[in-house]
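Input: a single structure, listed below in structure tokens.
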Amino acid sequence: MEVCKSEVNELFEKVVDNGFCIGCGACALVNNSPIEIKFDEFSKLQATIKDDDNLNTESAVLSVCPFSDESSNEDELGENLFRNVENIKHDEKIGYYKQSYAGYALDEGFRENGSSGGMGTWIISELFKNNIVDGVIHVHEVDSNKTNEDNSKLFKYKISRTINEIQKGSKSRYYPIELSEVLTLVKDTPGKYAVVGLPCFIKSIRLLMKQDEILKNRIKICVGLVCGHLKSANFAKMWGWQVGIHPDNLKSVNFRHKLNGEGANNYAISATQNVNGIDKEYISKPLKEMYGSNWGWGLFKYKACDFCDDVVAETADVTIGDAWLPQYINDDKGTNIVIVRNELIYKIIENGIKNNNLKLDFLSSGDVIKSQSSGFNHRREGLSYRLALVDKTKQWRPIKRSFTKLKSISNKSKKIQKLRIKIYEKSHVSFEKAIRKNSFLFFKDELDLLITRYNELYKPSFIEKLIKFVKIPFRPIIKIIKKNRI
């Protein structure tokens, strides 16, 4: 007779043990959960079983996990949330949307202190000023000078209750975080909350709100962030090491230090260590000159990120990202894309435009997709191939929405996907070895062959060069032909 497994057992057997846990902490918040979130040996936050509990504990954890087959997907959640919004539209890649924009906040301090155009902080500040929320759940730097702070982390979720606190949480943090600690505080503290998070985190919050009446009543607005992928804590240590701070001595890091005169996508890194009781800041060269700045390499990426198909936080009331488009890329101050799905947020933004608090252009869904083209290519076309790779091994993997036919993927793209997997897997192991050897050069040497092979795939082939060469003299003729066709 087959023994029925507990949900906790199934979660670990399928999601956690196969590397699909993103460390969001939703499963740790469920009633009677035996789970807590801790750093693993590669500095990734992961679900673990508490010492005094076991896998057979009965707890409804599967329905809140964003990578479980038992939880609702983004299409199902989005339809329930936004289908009745006036003039709502739907796109296969960006989900439901009422309006989309590109631009920035004109009000003093928002754009200057933000990673990009300051729109995320401006929106949640307006929610706070208008008493729509009285607390904002977002990621802050951990103050290592406070005795009650967890010094093993550089960043964590906190609740801001003043405009000053909200503005302190305005920067991008490419760092592992989890929700269970802060949402426990939300459950214990009546109020009206907005929460800011990555797509999978917003999804897990929506799933929790379906199960938990307190969270459903207290969380009023979800603000999503466009996401490439989540990094382990070693990503921050890598940057610190390159400016002269040993990983053990890194105190803080600013992942997006804006540089005057550089394009929006060529910022720097600033990092801090304590020297004889004094914090000393180091600022890097422009990012393009730093090792590991190529996001396509996926250094320190969570495996779970390679099995997520939500680029733009489809279940959020509003999504904020970078406007990686030709018309905005050269503005070193930064420009956001904004995808609105909520009527209240829409009215706040339209009032901001009317009152000259915001400089926003209307953006088509097509341009929104173009602004994140690399992310969509990896999460849609690339994902279909990665799913096929796992299916060949007969291992469990999450059920994903179907977007791209496998036959449409080129051999070159397949090679790129395989190398990306090898690079992120090796980066986790090699960096830990490098720390033990006290050598950043060792880390680079370990990855050198894979990186070289990867970069070679992005060089044009002889045939591609030939086609481009042949096209040049015939461009005027090609233009005439195209014009006549129209």
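The values are calculated or read from the model by the stated rules, or taken from the named source; none is laboratory data. These figures come from a predicted structure and were not determined experimentally. Glycine gets a Cβ as well: all are built from the backbone with ideal geometry, and neighbour counts include every protein chain shown.
Out of the residues in region 170-189 meeting the condition of being in contact with a Lys or Arg (Cβ under 7 Å, 6 or more places away or on another chain) and not hydrophobic (A, V, I, L, M, F, W, C), tell me which one is modelled with the lowest pLDDT.
Ranking the candidates gives Lys171 first.
Restricting attention to region 297-306, does a residue exist that is part of a strand (DSSP E or B), surrounded by 23 or more Cβ atoms within 10 Å (Cβ to Cβ) and of a type outside the set (Val, Ile, Thr)? Before you say what the answer is, go through the steps one by one.
Initially, region 297-306 is screened for residues part of a strand (DSSP E or B), giving 301.
Cutting the leftovers down to surrounded by 23 or more Cβ atoms within 10 Å (Cβ to Cβ) gives us 301.
If we keep only those that are of a type outside the set (Val, Ile, Thr) as well, we get 301.
Checking region 297-306: at least one residue is part of a strand (DSSP E or B), surrounded by 23 or more Cβ atoms within 10 Å (Cβ to Cβ) and of a type outside the set (Val, Ile, Thr).
Of all residues in region 217-269, how many are over 20 Å from the mean Cα position of the chain (by Cα) and under 30 Å from Ala102 (Cβ atoms)?
7
It is to be established whether one or more residues within region 74-90 are part of a loop (DSSP other than H, G, I, E, B), surrounded by 17 or more Cβ atoms within 10 Å (Cβ to Cβ) and aromatic (Phe, Trp, Tyr).
Checked region 74-90: no residue is part of a loop (DSSP other than H, G, I, E, B), surrounded by 17 or more Cβ atoms within 10 Å (Cβ to Cβ) and aromatic (Phe, Trp, Tyr).
Across region 254-271, what is the number of residues that are in contact with a helix residue (DSSP H, G or I) (Cβ under 7 Å, 6 or more places away or on another chain) and not in a strand (DSSP E or B)?
The total comes to 2.
Mind listing whichever residues of region 1-32 are part of a loop (DSSP other than H, G, I, E, B), at pLDDT 95 or above and over 23 Å from Ala233 (Cβ atoms)?
If the condition is that a residue be part of a loop (DSSP other than H, G, I, E, B), at pLDDT 95 or above and over 23 Å from Ala233 (Cβ atoms), then Val30 is the only one that fits.
Take the residues in region 50-69 that are surrounded by fewer than 17 Cβ atoms within 10 Å (Cβ to Cβ), of a type outside the set (S, T, N, Q) and without any contact (Cβ under 8 Å) to a residue 60 or more places away in the chain; name whichever of them is nearest to Glu181 (Cα to Cα).
Across region 50-69, the extreme among qualifying residues is Lys50.
Can you find a residue in region 14-29 that is more than 20 Å from the chain's Cα centre (by Cα) and crowded, with 22+ Cβ neighbours inside 10 Å?
There is at least one residue in region 14-29 that is more than 20 Å from the chain's Cα centre (by Cα) and crowded, with 22+ Cβ neighbours inside 10 Å.
Listed residues Ile467, Ile451; which is modelled with pLDDT of 60 or more, part of a helix (DSSP H, G or I), under 39 Å from the mean Cα position of the chain (by Cα) and exposed (fewer than 14 other Cβ atoms within 10 Å of the Cβ)?
Details: Ile451 fails: exposed (fewer than 14 other Cβ atoms within 10 Å of the Cβ).
On inspection, the qualifying residue turns out to be Ile467.
In this structure, is Ser72 more than 23 Å from the chain's Cα centre (by Cα) and small (Gly, Ala, Ser)?
So Ser72 fails the test.
So which residues in region 37-49 are crowded, with 18+ Cβ neighbours inside 10 Å and under 22 Å from Val186 (Cβ atoms), if there are any at all?
Of everything in region 37-49, those that are crowded, with 18+ Cβ neighbours inside 10 Å and under 22 Å from Val186 (Cβ atoms) turn out to be Ile37, Leu45, Ala47.
Give Lys203, Lys216, Lys210 a once-over and let me know the one that is in contact with a Pro (Cβ under 8 Å, 6 or more places away or on another chain), in a helix (DSSP H, G or I) and either surrounded by 20 or more Cβ atoms within 10 Å (Cβ to Cβ) or of a type in the set (Lys, Arg) (or both).
Values: Lys216 fails: in contact with a Pro (Cβ under 8 Å, 6 or more places away or on another chain); Lys210 fails: in contact with a Pro (Cβ under 8 Å, 6 or more places away or on another chain).
The conditions single out Lys203.
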